[in-house]
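A short worksheet on the structure shown next.
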Amino acid sequence: MTWYILGAGSLGCLWAARLSRAGLPVRLLLRDRQRLNAYRSLGGVTLVESGQESLYPIPAETAAQGGPIQRLLLACKAYDAEPAVASIAARLAPGAELILLQNGLGSQQAVAAHLPRARCLYASSTEGAFREADFRVVFAGQGQTWLGDELGGPEPEWLAELRGAQIPAQWSGDIIERLWRKLALNCAINPLTVLHQCRNGELAAHPAEVAGLCDELGQLLHATGFEAAARELQGDVERVIAATAANFSSMYQDVANGRRSEIAYLLGHACREGDRLQLALPQLRALHERLREYLRARGLPDT
Ligand code: NAD
Ligand code: KPL
């Protein structure tokens, strides 16, 4: 069964390279012919791992061309997920399986709603990779990827295939809780690193602000039904701040590089859920507004 990958960026190329070197059939789906020509001129995906680089001549085609797709990894940003899937929707075979590898929440449900005949699995990953250049990716941090099905259903048999390809995939019986835990962590850390212009570790100098956000995010987790996540949030946030003290958060890096952030699927989603559950959440809402204003002032999208 061919693994199609839509979104040949950091994580998409990282998955593609590992699937390919394990001898599994994999194909990249690129936006258009111009992008396909650029890819072909480079000869494949380059993965840099522990300072060693390897070229993987993975076949590629445009999203609009080619045969039916039974298995797809969607590895674009959350704000690109719906249009990206729309570009290949006509190619999806009945019963196709998709892995939606987006951060935050909201984009997965929006994609799944368009594809009632497909099985949409959601993924949450702590692996780290970044793009040095087009189709050239650096594997920057070992991690774990959890996969699960919001609608229930069994663990797919191909999970073993992923592990065989050294993609550390684990089945999660409650992927929504996993995604919420990561979302809450990202909401407590990432926006503050942007607004204070600091590394994660420097948030230790703003304990009251972090604690206030953890309290409100805890209320939200509690109201969403994730009691354990609510209780553990502040400790988790403090541990991540300490463990990643020298790092700049992903949102900090997006903004510093003039790239669109995933704010709508992190803080935006938290505030929308707060509305739905009729929670006041004044600190979260004020943070959301401050961040939106900060982004607008830099000419970046605020949603
Ligand atoms: P990225 O920006 O490096 O790659 C996304 C790719 O998707 C880009 O190459 C873009 O051109 C492509 N794309 C977008 N729309 C497309 C379309 N319509 N057709 C074809 N290609 C399209 O993003 P990333 O860093 O790999 O992140 C993907 C998701 O994974 C994000 O939600 C991110 O938050 C999450 N994530 C990333 C990391 C990481 O270390 N990079 C870690 C954990 C989670
Ligand atoms: O996930 C992260 C990110 O930067 O996006 C960490 C470093 C864990 C902090 O939110």
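The values are calculated or read from the model by the stated rules, or taken from the named source; none is laboratory data. Values in this document were obtained by computation on a predicted structure and should not be read as measured data. Note that we place each Cβ from the backbone using ideal geometry, even for glycine, and neighbour counts take in every protein chain shown. Just so you know, the surface numbers come from the protein's heavy atoms only, side chains and all, with ligands and any DNA or RNA stripped out. Shrake-Rupley method; radii C 1.70, N 1.55, O 1.52, S 1.80 Å.
In the stretch 128-147, the residues that are closer than 14 Å to Q52 by Cα form Cβ pairs under 6 Å with partners that are among the hydroxyl-bearing types (S, T, Y), at six or more places apart or across chains, as follows: R136/T46; V137/S10. Of the residues contained in the stretch 246-260, none is found to be open to solvent by less than 40 Å² (accessible area, probe 1.4 Å) and either more than 15 Å from ligand 2 (Cβ to nearest atom) or more than 28 Å from Q142 (Cα to Cα) (or both).
The helices (runs of 4 or more DSSP H) located wholly in the stretch 181-260 that include 1 or more residues which are within 16 Å of ligand 1 (Cβ to nearest atom) occupy 227-243, 250-256. Screening A165, A184, A204, A169 for residues that are open to solvent by 30 Å² or more (accessible area, probe 1.4 Å) and out of contact with any Pro (no Cβ under 7 Å at 6 or more places or on another chain) leaves exactly one candidate, A204.
Flag: A90 does not match the condition of being part of a strand (DSSP E or B), of a type in the set (G, A, S), under 12 Å from L115 (Cα atoms) and at pLDDT 95 or above. Checked across the stretch 291-303, the condition of being touching a residue at least 60 places away in the same chain (Cβ under 8 Å), open to solvent by 30 Å² or more (accessible area, probe 1.4 Å) and outside any loop (DSSP other than H, G, I, E, B) holds for at least one residue. What about A160, is it within 20 Å of E262 (Cβ to Cβ), small (G, A, S) and over 15 Å from the mean Cα position of the chain (by Cα)? So A160 does not fit the description; no.
Return yes or no: is Y56 open to solvent by less than 40 Å² (accessible area, probe 1.4 Å) and over 23 Å from the mean Cα position of the chain (by Cα)? Here the answer is yes, as Y56 does meet what is asked. N103 passes every criterion in (1) without any contact (Cβ under 8 Å) to a residue 24 or more places away in the chain; (2) within 8 Å of ligand 1 (Cβ to nearest atom) apart from (1). Answer yes or no as to whether V85 is surrounded by 20 or more Cβ atoms within 10 Å (Cβ to Cβ), farther than 21 Å from G23 by Cβ and out of contact with any Pro (no Cβ under 7 Å at 6 or more places or on another chain). Taking the combined requirement at face value, the residue satisfies it.
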